[in-house]
Structures are given as C-alpha cells and as structure tokens.
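Enquirer: I'd like to ask some things about the structure below.
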Amino acid sequence: MEHSNELIEIFAGSHIQALTLKYELEEAEIPCMIRNDQEAGNLVGIGSIQSNVRILIEEDSMEKARPVLEAFLEKNAD
C-alpha cells in the first residue's frame, strides 16, 4: 500500500488555539506542523496581513486526527 506524505490544513485560527490543538494532536501521537505566514513574512521583511496560524498534518493521519479535531472544535465553539 502506498502512503501519501502530502500535508493538509485542518485548522486555521489564533496562535493560542493552534498551540492548544497541536498539543492535543501530539498527545494522540499525531504529528503536526504549525504554519504562521505572518511571522514568516516578518522574518524576511515583507509582512503579511494574514493573522491566522494553520495546523497541517499528513493526509494519512486525517482519520486518526478527526475525533481530536472535532472535540477541539466543539470545546472552542463560539
């Protein structure tokens, strides 16, 4: 069986929300990555108007991550 290593975005929100979700995913042994375009732009001096921080996971991990993500979104619903 062939595995995909393609990263998919599962969440975009504040930095604090992203860190919380990242912690919960890692507790469930689901590797993830934070992508902060604003911070990256600031580092190279071009800035960005985008303030959302994104959580990316490997596409193959989505099935395992779904319950964690759904619980997180339910807890943080406005």
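Enquirer: For residues that are in a loop (DSSP other than H, G, I, E, B), at pLDDT 90 or above and over 18 Å from Phe72 (Cα atoms), tally how many sit in the stretch 1-52.
Expert: Of the residues in the stretch 1-52, 1 are in a loop (DSSP other than H, G, I, E, B), at pLDDT 90 or above and over 18 Å from Phe72 (Cα atoms).
Enquirer: Could I ask something else about it? Quick one: what pairs do we get from the stretch 58-71, first residue under 21 Å from Arg35 (Cβ atoms), second of a type in the set (S, T, N, Q), C-beta under 9 Å, 6+ apart or different chains?
Expert: Glu58/Ser4; Glu58/Asn5; Glu59/Ser4; Glu59/Asn5; Asp60/Ser4; Asp60/Asn5
Enquirer: Go through (1) at pLDDT below 90; (2) assigned to a helix (DSSP H, G or I) and name the single condition Lys64 misses.
Expert: Only one criterion is unmet by Lys64, namely (1).
The values are calculated or read from the model by the stated rules, or taken from the named source; none is laboratory data. A quick note: this is a predicted structure, and the numbers were derived from the prediction, not measured. For neighbour counting, all protein chains shown are included, and Cβ atoms are generated from backbone atoms with ideal geometry for every residue, glycine included.
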